[in-house]
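The values are calculated or read from the model by the stated rules, or taken from the named source; none is laboratory data. Since this is a predicted model, take the numbers as computed values, not measurements. Cβ placement follows ideal geometry from the backbone for every residue including glycine, while neighbour counts extend to all protein chains displayed. Keep in mind that these areas ignore ligands, DNA and RNA; they rest on the heavy atoms of the full protein, side chains included. Shrake-Rupley method; radii C 1.70, N 1.55, O 1.52, S 1.80 Å.
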Amino acid sequence: MEKKLLETRLVRRHSQFPTVCIYCNTQIPPDDLHYVEEGITTHIHSLIARKYCSSCYTKFGEQILLHEKSL
């Protein structure tokens, strides 16, 4: 079976609702900066896009966050 690779990047957003960082499990309050996964060539629905807090993004960087959770 062939696996499709989905190329993604992280985009900075303001949260409209409380959400949870997928990496460290901390709550991201409304109107706080966070990073959302976005497809480069294809659309990722907002319900399945992974969200990361700004603290994790600052500590680990985009490449580590996206690579580590995809394994």
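Tell me the strands (runs of 3 or more DSSP E) entirely within the stretch 1-69 that contain at least 1 residues that are without any contact (Cβ under 8 Å) to a residue 24 or more places away in the chain and more than 10 Å from the chain's Cα centre (by Cα).
8-14, 33-39
Just one of I44, I22 is in contact with a strand residue (DSSP E or B) (Cβ under 7 Å, 6 or more places away or on another chain), hydrophobic (A, V, I, L, M, F, W, C), at pLDDT below 85 and surrounded by 15 or more Cβ atoms within 10 Å (Cβ to Cβ); which is it?
Just one listed residue meets the conditions, I44.
Scanning the stretch 25-41 for residues that are touching a helix residue (DSSP H, G or I) at 6+ places or on another chain (Cβ under 8 Å) and open to solvent by 30 Å² or more (accessible area, probe 1.4 Å), which turns out nearest to G61 (Cα to Cα)?
So the residue we want is Y35.
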